[in-house]
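Take a look at the structure set out below.
The values are calculated or read from the model by the stated rules, or taken from the named source; none is laboratory data. Everything numeric in this text was worked out from a predicted model, so none of it was measured. Cβ placement follows ideal geometry from the backbone for every residue including glycine, while neighbour counts extend to all protein chains displayed.
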């Protein structure tokens, strides 16, 4: 009788342990559930990634444009930077609002990787700064242009899709302006 009791107790204990599952599995299920909720609300993984990357780009470009509007030696570069800073402040505010309405987390400060770009440029001056700023700005816009274009075509979140379309056009215009400035250097 005692053996039957011990076997029953062991079976109940192993069932309880199995039912609890692996703690890390529970965290993974919680994460998947959160992602699924985001997808249901129109926020696919691609939308979430776009929002994060677009905000990182925007915050970085705002800091660099403000720096350039102070440090540029060329009036044309300084004017481009001032206009970029104004436009980027508006775009960042719009994206922040879209993200908040869609419950999408976005960064509120520049990450260390992108802060190093700001630091590198801040050490330059004069024509050397102008050339480096124009090259850096052109490279970053060309790099991000495809992401904005793809989100404008395929985005699941209507707010992000509209934001991407409007800002893709702005990026195209800035790329053209930067290419003109680059030729002048």
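Worth pointing out:
- Which numbered condition residue 37 misses (of (1) assigned to a helix (DSSP H, G or I); (2) at pLDDT 95 or above): (2)
- Residue in region 104-121 that is under 22 Å from the mean Cα position of the chain (by Cα), under 21 Å from residue 161 (Cβ atoms) and surrounded by fewer than 18 Cβ atoms within 10 Å (Cβ to Cβ) present: yes
- Filter pass, residue 54 being farther than 28 Å from residue 159 by Cβ and under 24 Å from the mean Cα position of the chain (by Cα): no
- Test result for residue 162, in a helix (DSSP H, G or I), closer than 21 Å to residue 96 by Cα and assigned by TED's automatic domain parsing to the domain that holds residue 98: yes
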